1. Among 142, 48, 134, which comes first, second and so on when ranked by fewest other beta-carbon atoms within 10 Å?
2. Among [x] 27, 19, 18; [y] 29, 20, 16; [z] 36, 18, 16, which one is semi-axes √(5λ) of the Cα gyration tensor in Å computed from these coordinates?
3. How many nm separate the modelled label positions at residue 187 and residue 107, each set 7 Å beyond the Cα in the direction of the Cβ?
4. Rounding to the nearest 10 and keeping the result within 0 to 90°, find how far the Cα-based axis of helix 7-18 lies from the longest principal axis of the chain.
5. Please find the FRET efficiency linking residue 22 to residue 79, where r is the Cβ-Cβ separation and R0 is fixed at 41 Å, and quote it to the nearest 0.05.
6. What percent do you get for the relative contact order of segment 7-224 when only Cα pairs under 8 Å and 6+ apart count?
7. By count of other Cβ within 10 Å, fewest leading, how are 98, 111 ordered?
8. With each label point set 7 Å from Cα along the Cα-Cβ vector, what nm distance links residue 168 and residue 202?
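Read-outs: derived from the displayed coordinates by stated rules, not from any lab. None of these values were measured; they are calculated from a predicted model. All Cβ positions, even for glycine, are placed from backbone atoms using ideal geometry, and neighbour counts span all protein chains on display.
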Amino acid sequence: MTGATQGIGAVIANRLASLGARTIAAGLGGRTDVLNPGIEVRVGDVSKQEDVDRLLANLDELDIVINCAGIIRRGDEHDPAVFEQVLAVNLTGTMRVCSAARERLARRGGCIVNTASMLSFFGGSLVPGYAASKGGVAQLTKSLALAYAADGIRVNAIAPGWIATPLTQALQDDPARSAPILARTPLGRWGRPEDVAEGTVFLCTPAASFMTGVILPIDGGYMVA
């Protein structure tokens, strides 16, 4: 899985490994969050085709591909160059990995889980690139679900809401900004990375064997409030 050496991605990787999956966690290198010692770490940038090819090297078959690699540049994404950079990682990078993995997944009737967002459905004034990329991930997921079905590959996505991570710590610590979020969230709390991991794992299991093209919100009810 990509974007799996830090944050939510690392929590998902740990959960998969705890369930007995042979797990490869890909990231850019540098800081790596605590990972299960059985997880293999590979370094690569999903915006580069040669890196994606190297990440998949020596893997003749795959059961699961999870795309978690993503960037956000709050306040800077109105610059077209930054906008393009965000799309190159979040959207085109997701497509690049899916396409490169398709043949291997087909041999096993595997599945893909992409990472969308609540901003797949809402706009974001400070993050037009991120919102556009995540809207694109949702539509890409639906399109690939149709295209890959004949290969026996299921393609779904998770759409996390407000999750308590270091990236949202400033919001959590500011009552003026946190209070409206919690007030709109029916379950009344910030999500945990573990909540996202459990939803992701579900989409990879036989329990979801008749699900494809789904964008699964993991948001405590925020989007329906």
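1. Ranked by crowding around the Cβ, least crowded first: 48, 142, 134.
2. Of the labelled values, this structure produces [x].
3. 3.7 nm
4. The angle comes out near 40 degrees.
5. Given R0 = 41 Å and the Cβ-Cβ separation, E is 0.50.
6. Rounded, it is 21 percent for segment 7-224.
7. Ascending Cβ contact count within 10 Å gives the list 98, 111.
8. Result for the modelled spin labels: 1.7 nm.
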